[in-house]
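First comes the structure, then the notes that go with it.
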Amino acid sequence: MRFEWTGKRVRAGVAVAVLAAGMAVLAPAAQAASLDACVANIRAQAIKAGVSRATADRALSGVAYDEKAVRFSRSQPEYKTPIWDYLAFLVDEERIADGKKMLARHRKTLAGVEKSYGVDRYIVLAVWGVESDYGQFRGDFHVPHALANVACNGRRAKYFRSELVEILKIVDRGDVKLKDLQGSWAGAFGQTQFMPSTYRRLAVDHDGDGRRDLVNSVPDALASTANYLKKAGWVTGMPWGYEVRLPKGYKGPSGRKTRATVTTWGKRGITHLDGGKIAGEARAGLLLPAGKTGPAFLVFKNFDAIYSYNVAESYALAISHLADRLRGAGPFTTPWPTSDTGLSRAERLRLQELLLRAGYDIGEADGRVGPATRAGIKQAEARFGMPQTGRPGRKIYEKLGGR
C-alpha cells in the first residue's frame with residue numbers, strides 16, 4: 001500500500017494504526033508467497049529424490065496456509081493430562097466392547113499376524129483401538145498439505161520435509177491413493193498411524209495384493225503394527241507386565257529403566273496383589289505412574305517395545321491395559337490416588353452438552369476436550385466455588401448434572 005502525505009501533521013497513533021492496517025493486508029499475501037516458494041522447493045526436492053512430476057504436482061497443488069497445523073507444530077500442550085484421565089477415555093467400556101467385536105470379526109487375521117510375527121494379538125488389537133478407534137477415525141488433516149505447512153512454517157523443518165517426500169513416494173508406488181491420506185498434522189496416517197518414514201521401513205503387505213496399504217487394508221495395518229513391535233524388541237511369550245502390591249512405606253528404587261530380576265523385587269517386599277511372593281529371573285522395572293500411593297506395575301521388555309510406538313509411558317500403559325481388558329481381565333485393583341476420577345469418552349461428550357446447556361460458549365460438543373472446553377470448565381468451576389483447573393473430571397461433571 002502506498003501512502004501520500006499532504007503536509008499536515010499526522011498524530012503518531014494514527015500513523016501507527018494506518019501502518020498496522022497496511023501490514024495486516026500485506027501479511028497474508030507475503031505469507032502465501034513465502035509458502036508457495038517453500039512448497040516449490042520441496043517439490044523440486046521430491047522430484048530429485050525420485051518422485052514423479054505428476055505425483056508431486058497433484059500432491060502439492062493448492063497448498064494453503066493451515067494455521068491449526070502450524071500452531072500445533074510450534075506449541076507444546078499447556079494442559080498435562082493426569083494418568084487417571086488418560087486411561088479413563090482411552091480404555092473405556094465403549095472401546096473395550098468395540099474391540100471385542102473386532103476381535104471376533106478379524107479373528108483369523110489376528111491369529112495369522114500373531115503366528116507370523118510372534119506378537120500378542122491383543123496388543124496389536126489394542127494399538128488399533130487407541131490409534132484410530134479400530135479404523136473409525138483417521139485424523140483431521142490432509143497429510144501432504146499439513147506436512148508442507150509444518151515443513152515451511154513450523155519447527156524441525158528438515159525432518160518434516162523428509163517425511164513429506166516419503167509420503168509422496170508412498171503415493172508414487174501405488175500403495176495408497178492421494179485422496180486417502182488423512183491423518184495428523186505431524187504426518188502420521190493409516191489405521192495404526194505410521195509416520196511416512198516408518199511406513200517405508202516397516203509396513204508390510206499381509207493381504208497379498210501387492211500393495212502395503214495401511215489405510216484401507218486391515219490385514220496390512222495389523223501386520224505392520226506387529227512387525228513394528230517385533231523390530232522394537234518384542235519377546236514372544238513374555239507379558240508386558242502386571243500389577244503388583246508395594247509394601248507399606250516402600251522406599252526402594254522405581255522406574256521403567258531401573259531393572260532387576262523379579263526375585264530381587266520380591267526381596268524388596270513387592271508381592272502379587274493377593275500378597276503372594278513373586279520370583280523369577282526375568283528383568284523388570286517398577287512403574288509407578290501416579291506415585292507410591294497409586295497402582296504399581298512390574299514391566300518387562302515388551303512394555304518397552306510398546307513404549308517405542310509413541311514414546312510415552314502413559315501410552316504404553318493404556319495399550320497394555322486395553323489389551324488385558326480385551327483378553328477378559330478387569331480394571332486395575334489399586335485405585336488411582338484421586339477423589340475426582342476421569343471421564344469416559346461418552347461422559348466427556350455429555351460434559352460438553354451440559355456446559356452448552358448451562359450457557360457456556362465452548363463451540364460444538366464433539367467429545368474432544370480442547371482449550372474452549374477447558375475455558376468453559378473453568379468458568380463453571382468458578383461458579384460452583386471450585387478451584388479453576390479446566391479439567392474434565394467427575395466432580396464438575398456431577399455438579400453440572402451428569403450422572
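Laboratory data are not the source of any read-out in this text; all were calculated from the coordinates shown. Keep in mind the model is a prediction, meaning the values are calculated, not measured. We place every Cβ from the backbone using ideal geometry, glycine too, and count neighbours over all the protein chains shown.
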Label GLN388 and ASP98 with points 7 Å out from Cα along Cα→Cβ: what is the distance between them in nm?
-> 3.5 nm
Hey, which lysines would be in cross-link range of LYS292, C-alpha to C-alpha under 28 Å, not counting anything within fewer than 8 residues on its own chain?
-> LYS80, LYS248, LYS251, LYS257, LYS267, LYS277, LYS301, LYS395
Fully extended contour minus Cα-Cα distance, from ALA33 to ARG403, at 0.36 nm per residue = 127.9 nm
Once both labels are modelled 7 Å past Cα along the beta-carbon direction, what's the ARG156-ASP57 spacing in nm?
-> 3.3 nm
May I ask what percent, to the nearest 5, of DSSP beta bridges between residues of the chain are antiparallel?
-> 95 percent
According to a simple spin-label model (label point 7 Å from Cα along Cα-to-Cβ), what is the distance in nm between THR258 and ALA312?
-> 2.4 nm
Could you give the angle, 0 to 90 degrees to the nearest 10, between helix 313-327's Cα long axis and the longest principal axis of the Cα atoms of the chain?
-> 50 degrees
Rounded to the nearest 10, the angle in degrees between the Cα long axis of helix 157-173 and the longest principal axis of the Cα atoms of the chain comes to 80 degrees
Evaluated at 37 °C with a viscosity of 0.692 mPa s, what Stokes-Einstein diffusion coefficient in µm²/s does the stretch 345-399 have when Rh comes from the Kirkwood expression over alpha-carbon pairs?
-> 308 µm²/s
Would you mind classifying the chain by shape? Square roots of the alpha carbon gyration tensor eigenvalues, ordered a ≥ b ≥ c; an a/c under 1.5 is rounded, otherwise it is prolate if a/b is larger than b/c and oblate if not.
-> oblate
